[in-house]
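S.K.: Quick one: the structure is below, and I'll ask about it shortly.
FYI, it's all coordinate maths here, none of it is from the lab. All values derive from a computational prediction rather than experimental measurement. Positions of Cβ are generated from backbone atoms using ideal geometry, with glycine treated the same way; all protein chains shown enter the neighbour counts.
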Amino acid sequence: MSASRSEITDDIGSGEPGSGAPAPGAGSGPAGAAESAPHGADLLAALLDGMDAALCAFDAQGTVTHWNREAERVLGWTAAEAVGRRGLAGWAVREADADEVQGRLMASMDSPGREVHEFALLRKDGGRVLVRTQSARVTGADGEPAGVYCAFTEVHAQIDLERSIALSEALFDDAAWGVVLVDVDLRPAVVNAEALRVLGAGRSGVLGRPLGEVVVQGVEELEGALHHVLAEGPPRGLADLWVTVAGPDGERRRCWRSGFLRLASPLAEQPVPLGVGWLFHDVTDARLAEQEADRLRFRAGQLHRAGRAVAECADALEAARVCADFALAGFADHALVDLVEDEGRRLVRAAVSPGRAPGPSPGTAGGGLPVRYAKGHPAHQSLDRLGPVRASAPDPDAADDWARRRQWPAGSIHALCTVLRARGRTVGLLTLLRTTSRPAFTPQDAVYAESLAAVAAGALAMPGA
């Protein structure tokens, strides 16, 4: 580094027009060092030409000693045309502005630090371009100021850079969306505060760790999306990802509205993947509300269709079977209808859906034989309460035995019993059963079952039934 500084100092101090090398005889070192100076000057020229910033340098008298290719690109003046000129007046700066611009640039010789200015410079084609400059003095071997170097960029390019930096800082500080930068190994490298809140984890528990340590379920879909972005580029739109997140309060099922961006280095000739920018927003509440609205619309339609179908049934038992069929769509796996006989002392199986009767024996539906429910059975509890009763197997591995002891089909793990009441009396019982493929019945499900039961009870209480 000290050799390079000496070379640029000698270069600036030479002041020869068109010269980019040290003046002959400059320096007092050995002859070998003098012979190597041109090689050092060539290296310096190559470094200056290869830089992305426009660079120029002035000696102590204000003569241009260096002018790199980026400066040529910005202003159009070649190094051969620029080096050796005294000041910028009349070619790179308007005459009216020349004294002020030159004075502010050369003032850097009296300042130990960098100075930043904005100037309007002239292009070779006569156009003007606003640039932002950073200038600093260059000292000679004796420590005295020997010249000034100046780096400049077009202001709009600088503003674009500053906007990009400001956007990055805003995303990682104030954004309402979670932002995670994932490296090519699919490990989070940068995580903003909102993402940490949504993930329910601390920064140390996320950075550099596999995504599977935070996302319990749905990590395959998330990693698949990241693989696609790295290989093919970002998708055209946003995607909803349903995941289960492990937080300090236990596991939570969440829906994240996600967008992805492939990150590549702007400095490489060929795109070099740096990772993926993942932006997401928790939309669980909105999606659950939409699902609930869709569910309510569907169930309202089912009730309407069930009512019309039952109205076309001349036989009460047939109407009960039709209602049981409508109860299954998107709601349960088995439906049983039992009628109350002998003043409530026994229940007789009247209808089953689907197909074969899963009760005590396949042929008892409609045969007048009682269903032998044990004492304390959910069916009896529903009859006693005149309302719905929900039950689930305490041990999923023993669900078959739990269902068998309650006279229900094998595989049943969740049950909902509700009474069939019409004209002020109980006419029967509707039992709905779910297997392990469905969740347990909720209070909202019980309300829907009561609505279905009202349709069936109305048919069973018809005169002549």
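S.K.: Give me, ordered by chain and number, the residues 5 or more places off residue 420 or on other chains with an amide H under 5 Å from its own placed amide H.
M.R.: 427, 428, 429, 430
S.K.: Averaging over every viewing direction, what projected area does the convex hull of the Cα atoms of region 289-460 cover, in nm²?
M.R.: Details: hull surface 38.9 nm².
The orientation-averaged projected area of the Cα hull of region 289-460 comes to 9.7 nm².
S.K.: Can you work out ³J(HN,Hα) from phi for every residue in region 137-142, in order, using Karplus 6.51 cos²θ - 1.76 cosθ + 1.60 and θ = phi - 60°, giving whole Hz and x for Gly and Pro?
M.R.: Coupling constants for region 137-142: 7, 10, 9, x, 4, 8 Hz.
S.K.: Using the charge dipole of region 175-282 (Lys, Arg: +1 at Cβ; Asp, Glu: -1 at Cβ; taken about the Cα centre), state which of 198, 237, 226 has its Cα farthest towards the positive end.
M.R.: Selected residue: 198.
S.K.: With a cap of 13 neighbouring Cβ atoms within 10 Å, and only residues DSSP puts in a loop, list the GluC sites (Glu not before Pro) found in region 281-340.
M.R.: In loop regions of region 281-340 (DSSP not H, G, I, E or B), the sparsely surrounded GluC sites (Glu not before Pro) are 312.
S.K.: Using a 10 Å Cβ count of at most 15 others and DSSP loop calls, identify the longest part of the chain lacking such trypsin sites (Lys or Arg not before Pro).
M.R.: Within the chain, the longest run free of exposed trypsin sites (Lys or Arg not before Pro) spans 125-235.
S.K.: Related question: Below 8 Å between Cα atoms, with a sequence gap of 6+, how large is the relative contact order for region 289-460 in percent? Walk me through the numbers on the way to the answer.
M.R.: Numbers: 307 pairs, mean separation 38.6, N = 172.
Over region 289-460, the number comes to 22 percent.
S.K.: Give me the three principal axis extents of the chain from the C-alpha atoms, as integers in angstrom, largest value leading.
M.R.: 125, 46, 33
S.K.: Ok, one more. What FRET efficiency would be calculated for the residue pair residue 209, residue 165, taking the C-beta separation as r and a Förster radius of 35 Å, to the nearest 0.05?
M.R.: Values: r = 27 Å, r/R0 = 0.78.
That pair, residue 209 with residue 165, gives E of 0.80.
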